[in-house]
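**Student:** Pasting a structure here, questions to come.
The values are calculated or read from the model by the stated rules, or taken from the named source; none is laboratory data. All values derive from a computational prediction rather than experimental measurement. Don't worry about glycine lacking a Cβ; one is built from the backbone with ideal geometry, like all the others, and counts go over all protein chains shown. These accessible areas exclude ligands, DNA and RNA; they are computed on the full protein's heavy atoms, side chains included. Shrake-Rupley method; radii C 1.70, N 1.55, O 1.52, S 1.80 Å.
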Amino acid sequence: MDEDESYEENSVVGLIYGRDTKEKNGELTDEEYGHCYERKQELLQDCKRLTECVRKPLNVAIIGPPGCGKSSFLNTVFASLNSDRWYEYAKIGKFGNHEGVMGMQVTRRLRSFPKEEYYRQNGLYMLPTFIDMTGFEDDDSVITEELLFLILSGKVKEKETLNDIATYGRLHGITTMQNEYRKRSPYRRINRIIIVCSLNPDSAMPTALFKSVVNVANDLDITFYGVMTHADICREKYGNRLQEREKLFKEYLGLPENRLASVINYCPAVDTDRSYEDTLLPALDVPVLRLLRQILTPEPNDSDTHTADYVNAVFSTIKSRLYHGSRSFITLKNEFMISLVIAILAMLFYKFFYQ
Ligand SMILES: Nc1nc2c(ncn2[C@@H]2O[C@H](COP(=O)(O)OP(=O)(O)OP(=O)(O)O)[C@@H](O)[C@H]2O)c(=O)[nH]1
Ligand SMILES: [Mg+2]
């Protein structure tokens, strides 16, 4: 696809305000910018409030076909949650073999982003840990579904080679694979899933992958959300095909409106001057924060006791307090000692009951 032809320059404004941007050269007026800025602050406060009283941060997994904009979306989420500028935390680019050239296998990876890595302000909010799931192709084989089950139920550690687990399943059969991996104690159970797909009707809709993710999410009772990237795509060029694609995406996943967002990611195609390297574009943040507010709304399963999650949470808290030690040294020292005692007790408990 020729991006220059397919994307309308500065269509961001038109999309958000539903008006023809060509007349005004796509620029936001001061009033419109101010409105977006205020809306962002409101939504950000809502999101923070929702994470103030939770016991541990949610684990939110991001999955979608190669190249659909998962990492770009994560960076947009991180920019939305902050108040200074965009950073590239999740590396953007083609890490997988998108075209399946020479029959090479795509490397499946997990990369997690705890709050300490992406949140640059003070504040003891339990913002989620996001997990970027790369290299999952349009495949609904039993082995892929089992691999997804193991990841989402928290049986796979970040550094493990996912392709090796799938190869083990192919060599020994699905039952042996289940017996071998499902007996492990959970390391990090996923609480929410965001399924990402491009709005571009010229890219294939990965229906087999969607089917597997939905099956596993339903099995594990994990709420999933849909995100359509490339919402800056030229609506005039594609006409009804865009509505059809949105409708299909929703139908395949069985999603209600409130669990779906069309977003425009921070990227050079959207802002050729890359002004976002110096500042934020609140117009892009608003739809993302609206979805995040839904995602962060507590669910009964969130407080299920998984000792490993608590150990992770305690270590995150200690790290966070050391990072943002704006209080007096005495307070910090006391809090550190308390956190340390809790961490030791949690580890002893974990060792005693789970190993
Ligand atoms: N115009 C436009 N381009 C986007 C958008 N989101 C992502 N892109 C571009 O799409 C390309 C792929 O984005 P990535 O974020 O690396 O995609 P990914 O899904 O993480 O890719 P893999 O990790 O390799 O599977 C990059 O060139 C991005 O700049 C968007 O909303 N609009
Ligand atoms: Mg990526």
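**Student:** What does the charge count near R259 come to, summing +1 for each Lys or Arg and -1 for each Asp or Glu among other residues with Cβ under 14 Å from its Cβ? Spell out each step's value before the answer.
**Tutor:** Values: positive: R192, K250, R290, R293; negative: E246, E251, E257, E299.
Every neighbour counted, the sum reads 0.
**Student:** Shifting gears a bit: Which entries in the list K159/K211; K155/K247; K115/K247; K115/K237; K56/K91; K211/K351 go over 31 Å, if you measure between the two C-alpha atoms of each?
**Tutor:** On the way: K159/K211 26 Å; K155/K247 34 Å; K115/K247 33 Å; K115/K237 39 Å; K56/K91 26 Å; K211/K351 37 Å.
Pairs exceeding 31 Å: K155/K247; K115/K247; K115/K237; K211/K351.
**Student:** Quick one: accessible area per residue over the range 3-301, 1.4 Å probe, rounded to a whole number of Å²? Can you show the working numbers first?
**Tutor:** Numbers: 13780 Å² over 299 residues.
I get 46 Å² per residue for this part.
**Student:** Still on this structure, I have one more. Counting only residues 5 or more places away or on other chains, whose amide H sits under 5 Å from the amide H of L260 once H atoms are built in the peptide plane?
**Tutor:** Hits under the 5 Å cutoff: G226.
**Student:** How large is ³J(HN,Hα) for each residue in the range 130-141, as worked out from phi by the Karplus curve 6.51 cos²θ - 1.76 cosθ + 1.60 (θ = phi - 60°), to whole Hz, x for Gly and Pro?
**Tutor:** 9, 10, 7, 9, 9, x, 8, 9, 6, 8, 10, 5
**Student:** Related question: Pull up all non-local amide H partners of E299: gap of 5 or more, or a different chain, and H-to-H distance under 5 Å with H placed in the peptide plane.
**Tutor:** Long-range HN contacts for E299: none found.
**Student:** Separate question: When the Karplus curve 6.51 cos²θ - 1.76 cosθ + 1.60 is applied with θ = phi - 60°, which whole-Hz ³J(HN,Hα) does each residue of the range 111-121 get, with x for Gly and Pro?
**Tutor:** 9, 9, 10, x, 3, 4, 8, 10, 9, 9, 9
**Student:** Here's a follow-up. Enumerate the calculated ³J(HN,Hα) couplings along the range 55-65 in order (Karplus 6.51 cos²θ - 1.76 cosθ + 1.60, θ = phi - 60°), each rounded to whole Hz, writing x wherever the residue is Gly or Pro.
**Tutor:** 7, 8, x, 6, 9, 10, 8, 10, 9, x, x
**Student:** Counting only protein heavy atoms and using a 1.4 Å probe, what share of the accessible area of the range 3-301 belongs to carbon plus sulfur, as a whole percent? All intermediate terms of the calculation are to be shown ahead of the outcome.
**Tutor:** Numbers: 6530 of 13780 Å².
Here it works out to 47 percent.
**Student:** Also, quick follow-up: If amide H atoms are built 1.01 Å from N in the plane of the peptide, which residues on other chains or at least 5 residues away come under 5 Å of the amide H of Y266?
**Tutor:** Amide H to amide H, under 5 Å and 5 or more residues apart or across chains, Y266 pairs with T76.
**Student:** Continuing with this model, one more query. Using only the Cα atoms, work out Rg/Rh for the range 3-301, with Rh taken as the Kirkwood radius, to two decimals.
**Tutor:** Working: Rg = 19.4 Å, Rh = 20.1 Å.
Taking Rg over the Kirkwood Rh, I get 0.97.
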